[in-house]
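Note sheet for the following structure.
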Number of protein chains: 2
Amino acid sequence: MLSILKQSHSSSSSSVAMPQGLDFSQALSEIEGMGGRGGSLQETRVRPLAKRRIDMHSFCSPSGFQRSPYLSARGNFAIIFQGSTEDGYRAYHADKYDEDKNPNVSKNFKVFFQLTQADMNLMDPPLLQYPDWKGHLFLREEVARFLTYYCKAPAPLKAENVIVLNGCGSLFSALATVLCDPGEAVLIATPFYGGITQSIFLYGNVKLVYVYLDSKITGKSTRPFQLTVEKLEKALQDARAEGVTVRALILLNPQNPLGDIYSLSELQDYLEFAKRHELHVIVDEIYMLSVFDESQLPTPWPSSSDFAVSGIRFGTLYTQNQDVINAVASLCYFHGVCGPVQHKVAQLLRDREWINQVYLRANHARLKAAHTYVTDELKTLGVPFLNRNAGFFVWIDFRKYLKTSTFEEELLLWKRFLDNKVLLSCGKAFECSEPGWFRIIFADKTHRLQLGK
Amino acid sequence: MLSILKQSHSSSSSSVAMPQGLDFSQALSEIEGMGGRGGSLQETRVRPLAKRRIDMHSFCSPSGFQRSPYLSARGNFAIIFQGSTEDGYRAYHADKYDEDKNPNVSKNFKVFFQLTQADMNLMDPPLLQYPDWKGHLFLREEVARFLTYYCKAPAPLKAENVIVLNGCGSLFSALATVLCDPGEAVLIATPFYGGITQSIFLYGNVKLVYVYLDSKITGKSTRPFQLTVEKLEKALQDARAEGVTVRALILLNPQNPLGDIYSLSELQDYLEFAKRHELHVIVDEIYMLSVFDESQLPTPWPSSSDFAVSGIRFGTLYTQNQDVINAVASLCYFHGVCGPVQHKVAQLLRDREWINQVYLRANHARLKAAHTYVTDELKTLGVPFLNRNAGFFVWIDFRKYLKTSTFEEELLLWKRFLDNKVLLSCGKAFECSEPGWFRIIFADKTHRLQLGK
């Protein structure tokens with residue numbers, strides 16, 4: 001469709017490697033400090049640039065960064081982001097899908113078979129035309145009914161408050177852009193799923209302000225990494241003191257990587273804090289259907305992650321703020337879901353009996369079994385962890401295996417796991433403030449885990 | 001998936017309507033001039049804002065713009081963009097797909113039936129997992145083979161130079177972002193398909209610098225609206241004199257709305273101009289398979305528009321610049337195409353016999369017949385037009401029907417067509433410098449056209 005006719009001349013790329021451990025905003029200012037691209041491409045090529053090294057996320061191998069004279073400053077930054085996750089991706093793609101090796105397959109197969117039913121393959125001509133960019137009405141209506149049913153809403157939720165687009169990364173990108181101007185910020189508690197950083201920054205140029213949590217227990221009714229209003233207040237005031245404008249608060253519920261589910265009274269406290277400071281609240285409930293302890297209160301929102309079909313690219317937004325709906329709708333032009341896929345998703349969501357009796361029953365049983373297997377192993381090995389009941393992961397305390405309490409040591413341990421073909425995510429990837437914490441996806445080859453040294 | 005918990009209170013929205021005919025960058029500075037959102041939401045609510053009116057594209061009904069205190073400046077701008085195309089969209093959606101009324105249906109049905117073949121419905125588990133964000137390798141390989149075949153390339157084109165994402169609007173957004181920093185610009189000749197304006201601005205904050213063309217014929221070997229290097233040079237120098245940094249040149253080939261196909265020597269001239277000034281060249285060939293005069297030299301690139309299945313959301317980029325590939329790849333995370341749809345598209349592109357013998361043959365014959373019908377009617381009515389052989393549209397000179405040569409008159413004529421249920425696009429929507437030109441999509445109910453008064 002589009003072709004770029006400029007040739008690349010890799011020999012003329014300036015070498016700009018940046019210091020290890022440089023943080024996100026520093027790395028950006030490094031690139032900006034070079035004066036963007038620094039005038040014409042010709043100028044850039046002849047001007048020697050400072051030699052530095054960058055390692056955006058220390059969880060991946062540090063690698064030299066070749067700054068491209070063909071790209072904008074943010075274009076160069078986009079490459080860094082890609083490089084930073086390259087190792088994990090390579091490992092992922094090299095590690096082919098296999099029923100024997102990967103228990104996650106069986107859960108996935110359930111959705112797979114459901115998606116291949118005859119009524120799934122509708123290719124109605126209107127599905128092939130330009131859609132309403134917010135999503136076809138039939139799907140938004142289905143999402144509204146789904147939410148009404150699973151949330152036990154006192155009044156029916158409305159299709160007009162629903163937006164459907166191609167994944168939650170896209171939703172974060174669109175929301176950050178319409179709620180914040182460039183350089184403004186959003187509050188989030190650490191540790192958190194690190195993908196949010198790039199989702200709100202790459203297009204939106206929106207930054208995160210961290211509310212650092214730690215594992216210390218401060219009172220009898222507290223738990224490790226507990227988010228409190230006091231901590232929210234402090235982070236917000238600190239940011240404001242530094243001249244940073246904060247526009248919103250992101251809550252992950254269930255929390256990734258902790259697996260925590262906030263209580264109703266906690267949620268109420270956070271919302272009151274946000275209201276007091278006129279912050280939007282973005283609640284990411286991507287794992288809401290993956291709560292496998294029935295004593296918990298799930299409020300499920302449909303997403304491709306909850307159905308373990310990430311390749312389907314599907315995420316939904318529910319908001320009563322029509323200004324937000326209208327603004328995000330414009331950006332939906334860039335995040336469209338194919339019409340025939342919207343039909344498939346609507347069919348999937350419509351089938352309550354299958355979701356309840358087949359999918360969720362099997363899914364929760366398998367998650368519970370896998371969780372029990374991993375946590376039993378951890379107990380046997382005497383490794384502490386947070387015992388939660390949501391998501392596909394366990395947050396593990398490997399601090400005692402670090403020689404010193406540093407993120408460099410954490411990275412070495414991470415590499416030792418990788419050398420043994422075990423791909424974990426280390427705490428630094430979640431901006432955890434304490435070195436030594438790791439997230440394990442417990443549906444992923446648990447029997448091959450080789451712990452520590 | 002994500003929910004926004006902030007309630008909307010429409011009564012507190014400040015009313016900010018802006019002057020008619022205000023241009024794009026002016027409109028932005030109007031919003032920016034309000035100091036973004038102007039501090040806290042509270043402040044914004046109590047501060048009275050200037051009453052103005054905006055009409056971004058005068059081809060749609062001007063409507064008052066309610067500035068939202070809940071959104072960023074760019075979030076408010078996103079709403080304006082949506083409002084500006086609302087009328088056309090409403091008309092489109094109200095005008096249901098109908099075989100009798102809309103000849104375009106039959107062309108579409110061919111792809112529709114092809115997409116419903118049994119081998120199209122593969123739902124292989126890897127298609128449901130996170131893809132390579134640049135597109136599955138099997139599809140990028142198929143696109144490379146498709147291009148090699150249809151471009152009669154001397155050497156095979158490479159899958160590593162191909163990126164697949166959800167539509168060409170997304171491609172423009174990603175390319176503008178990685179090639180330009182905020183506020184930088186891209187050259188484009190007017191009239192042009194107006195959607196590009198929002199595609200490069202909404203996320204990228206990249207502006208267009210216009211090379212204004214007109215209908216005057218200046219010599220025996222020139223044609224109306226001819227793009228020359230002289231005009232490119234002048235527009236570039238003018239922009240630079242105003243301190244605007246230009247990073248790229250966009251060429252539409254076949255041109256939309258003119259229907260022009262550039263000759264090889266013209267293309268060479270434009271590329272040399274771009275090389276001289278170190279500009280990237282982005283060639284949009286969205287209608288390359290829709291050249292229906294066989295004496296022309298099509299260089300087709302697969303896209304959903306060429307197959308008349310816009311709802312499939314599919315666009316491709318081919319570039320040999322690996323820096324551009326890598327940077328766009330990061331942004332592809334926001335523009336993913338569902339795995340099963342990637343399979344369908346690969347199957348579609350693989351079937352040369354069907355494309356050549358069935359699809360293109362029928363498509364070109366129908367386009368040619370519809371083009372002949374419309375242009376014969378125009379000749380009978382004595383209405384001048386550009387007689388071209390590509391795309392689904394004709395560029396018509398209705399200047400003699402304007403009482404005065406103004407865009408206000410053009411808008412009135414556009415409305416008269418709409419009142420008679422004929423949806424045309426007026427020249428202003430393409431930033432045409434002369435009032436009175438209209439684009440007609442000739443597959444759309446040509447027999448119902450009621451011309452002029």
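For segment A:356-448, the relative contact order works out to 28 percent when only alpha carbon pairs closer than 8 Å and six or more residues apart are counted. Residues of segment B:129-161 that bury at least 30 Å² of accessible area when the other protein chains are present, relative to the chain alone (probe 1.4 Å, heavy atoms, ligands and nucleic acids excluded): B:Q129, B:Y130, B:W133.
For segment B:253-286, list whatever residues lose no less than 40 Å² of accessible surface once every protein chain is in place, relative to that chain by itself, with the probe at 1.4 Å. Those residues are B:E278, B:H280, B:V281, B:V283. Within segment B:356-448, the ratio Rg/Rh, alpha carbon atoms throughout and Rh by Kirkwood, equals 1.01.
To the nearest 10, the accessible area of B:Y359 is 0 Å² with a 1.4 Å probe. Sorting B:D181, B:D214 on solvent-accessible area from highest to lowest, probe radius 1.4 Å, gives B:D214, B:D181.
When the Cα positions of B:G427, B:A362, B:G382 are compared along the charge dipole of segment B:356-448, B:A362 comes out farthest toward the positive end, with charges on each C-beta of Lys, Arg, Asp and Glu. Overall, the accessible surface of segment B:356-448 at a probe of 1.4 angstrom is composed of carbon and sulfur to the extent of 52 percent. Residues B:D260, B:D238, sorted by accessible area with the largest first, give B:D238, B:D260 [1.4 Å probe; ligands and nucleic acids excluded]. These residues, B:S221, B:S170, go from largest to smallest accessible area, 1.4 Å probe, as B:S221, B:S170. Here the spin labels are modelled as points 7 Å beyond Cα on the Cα-Cβ line, and at A:K152 and B:K415 they lie 5.5 nm apart.
Residues in segment B:356-448 average 45 Å² of solvent-accessible surface per residue, probe 1.4 Å, ligands and nucleic acids excluded. B:R361 contributes an accessible area of around 150 Å² to the protein surface, as traced by a 1.4 Å probe with all chains present. Distances, shortest first, from the label point of A:T406 to those at the same position in the other copies read 7.4 nm; the point lies 7 Å along Cα to C-beta.
For the pair segment A:187-255 / segment B:171-211, the C-alpha centres are spaced 34 Å from each other. The H on the amide N of B:F385, modeled in the peptide plane, is under 5 Å from the matching H of B:D397, each at least 5 residues off or on a different chain. Using the 7 Å Cα-to-Cβ label point, sort the distances from A:L137 to its equivalents in the other copies shortest first and give them in nm to one decimal. Spelled out, the distances from A:L137's label point are 4.5 nm.
The A-B contact accounts for approximately 10100 Å² of buried accessible area, totalled over both chains at a 1.4 Å probe radius. Beyond 30 Å in Cα-Cα separation lie the following of the pairs B:K134/B:K368; A:K158/A:K207; B:K400/B:K421; A:K344/A:K368; B:K379/B:K428; B:K152/B:K379: B:K134/B:K368; A:K158/A:K207; B:K152/B:K379. Ordering A:V246, A:I200, A:S215 by the projection of their Cα atoms onto the charge dipole of segment A:172-256, which places +1 on the Cβ of Lys and Arg and -1 on the Cβ of Asp and Glu, puts A:S215 at the extreme positive end. Taken one residue at a time, the phi angles of segment A:322-338 give Karplus couplings (6.51, -1.76, 1.60, θ = phi - 60°) of 5, 4, 5, 4, 5, 5, 5, 4, 4, 6, 4, 3, 8, 10, x, 9, 3 Hz. Gly and Pro are set to x.
The values are calculated or read from the model by the stated rules, or taken from the named source; none is laboratory data. Only a predicted model underlies this, so the values are computations on that prediction, with no experimental measurement involved. FYI the Cβ positions are ideal-geometry reconstructions off the backbone, even for glycines, and counts take in every protein chain you see. Surface areas here come from the heavy atoms of the whole protein model, side chains and all, with no ligands, DNA or RNA. Shrake-Rupley method; radii C 1.70, N 1.55, O 1.52, S 1.80 Å.
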